[in-house]
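Structure record follows, encoded as structure tokens.
The values are calculated or read from the model by the stated rules, or taken from the named source; none is laboratory data. From a predicted model like this one, the values you see are computed outputs, not experimental measurements. Cβ atoms come from the backbone with ideal geometry, glycine included; neighbour counts cover every protein chain shown. Side chains included, ligands, DNA and RNA excluded: accessible areas come from the protein's heavy atoms. Shrake-Rupley method; radii C 1.70, N 1.55, O 1.52, S 1.80 Å.
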Amino acid sequence: MTVFDRLHQGEHIDIRDADYQREVHGEIDRCDHLCWQLRQTDPAAKQRLVELENELFNGQIKDGTYLTPPMSVDCASQVTLGKNVYINHHVTMMSLGGVQIDDGAMLGPEVGLFTVNHESDNLRTIMTKLIHIEKGAWLGARVSVLPGVTIGQGAIVGTNSVVTKDIPPYTIAVGNPARVIRQLEH
């Protein structure tokens, strides 16, 4: 069982663990290098950008899915992207715990997806939870999403919001912490 599997099953792991260092830091190094290459690529070189993004996300940049560099992604092997997903520039994905972005979801500039947390009495021990952004959801600029949160289908999260708990489908949520302010018709 990999460290990724152990974390996804809810195990807390010390970041000094040899398996963690080898497996997770190996993936972080791979992603750091590819994100660096993306930052160095001319924005007009669209085909090269897609090639690098596909290398980063294991061939998932297709079927209308589009990412705008630059980006910071630490564990892209733990990210699942649907069709027609749009992710604007400067996204940060701390994705060790898994990020699932369903068809048609859109993320504005500087969105942060954070799947990792630390034990308060031992900061060297981490735990992770999946972030799930359901079909057609839209996150405005600079939204931060914390571990374990699901953004419901068709939901909208307003700019600069900090999402600490699930957002129901077809609602608008804003603030810090984000709270639902309106139901949408669908």
(message) Taking loop as defined by DSSP and a crowding limit of 14 other beta carbons within 10 Å, which GluC sites (Glu not before Pro) in the range 1-71 fit?
(response) Glu11
(request) Report the relative contact order of the range 1-119, percent, no decimals, based on alpha-carbon pairs under 8 angstrom and at least 6 residues apart. (result) 20 percent
(message) Could you check the spin-label model distance between Arg182 and Lys62? Points 7 Å from the Cα along Cα→Cβ, value in nm.
(response) 3.9 nm
(request) Describe numerically, in nm with one decimal, the distance between label points set 7 Å from Cα along Cα→Cβ at Asp14 and at His33. (result) 3.0 nm
(message) Greater than 24 Å separation of Cα atoms is the criterion. Which listed pairs, Lys62/Lys129; Lys62/Lys135; Lys46/Lys135; Lys129/Lys165, meet it?
(response) Lys62/Lys129; Lys46/Lys135
(message) For a quick check of your reading of the filter: which trypsin sites (Lys or Arg not before Pro) in the range 82-137 sit in a DSSP loop and have no more than 14 other Cβ atoms within 10 Å?
(response) Lys83
(request) Would you tell me the accessible area of Ile28, worked out with a 1.4 angstrom probe on the heavy atoms of the protein chains, in Å² to the nearest 10? (result) 40 Å²
(request) Have a look at the DSSP beta bridges in the chain and tell me what percent are antiparallel, nearest 5. (result) 30 percent
(message) As an exercise, use a Förster radius of 45 Å and the Cβ-Cβ distance of Thr41 and Thr2 to find the FRET efficiency, rounded to the nearest 0.05.
(response) 0.90
(request) Compute the signed sum of charges (Lys and Arg +1, Asp and Glu -1) over the other residues within less than 11 Å, Cβ to Cβ, of Glu11. (result) -2
(message) To the nearest 20 Debye, how big is the dipole of the chain about its Cα centre, given +1 on the beta carbon of each Lys and Arg and -1 on that of each Asp and Glu?
(response) 540 debye
(request) Pick out which of Val99, Val91, Val50 has the largest mean-square fluctuation in a Gaussian network model of the chain, springs linking Cα atoms closer than 10 Å. (result) Val50
(message) Can you give me the accessible area per residue for the chain, using a 1.4 Å probe, in Å²?
(response) 50 Å²
(request) Please report, to one decimal in angstroms, the Kirkwood hydrodynamic radius of the chain built from all distinct Cα-Cα pairs. (result) 16.8 Å
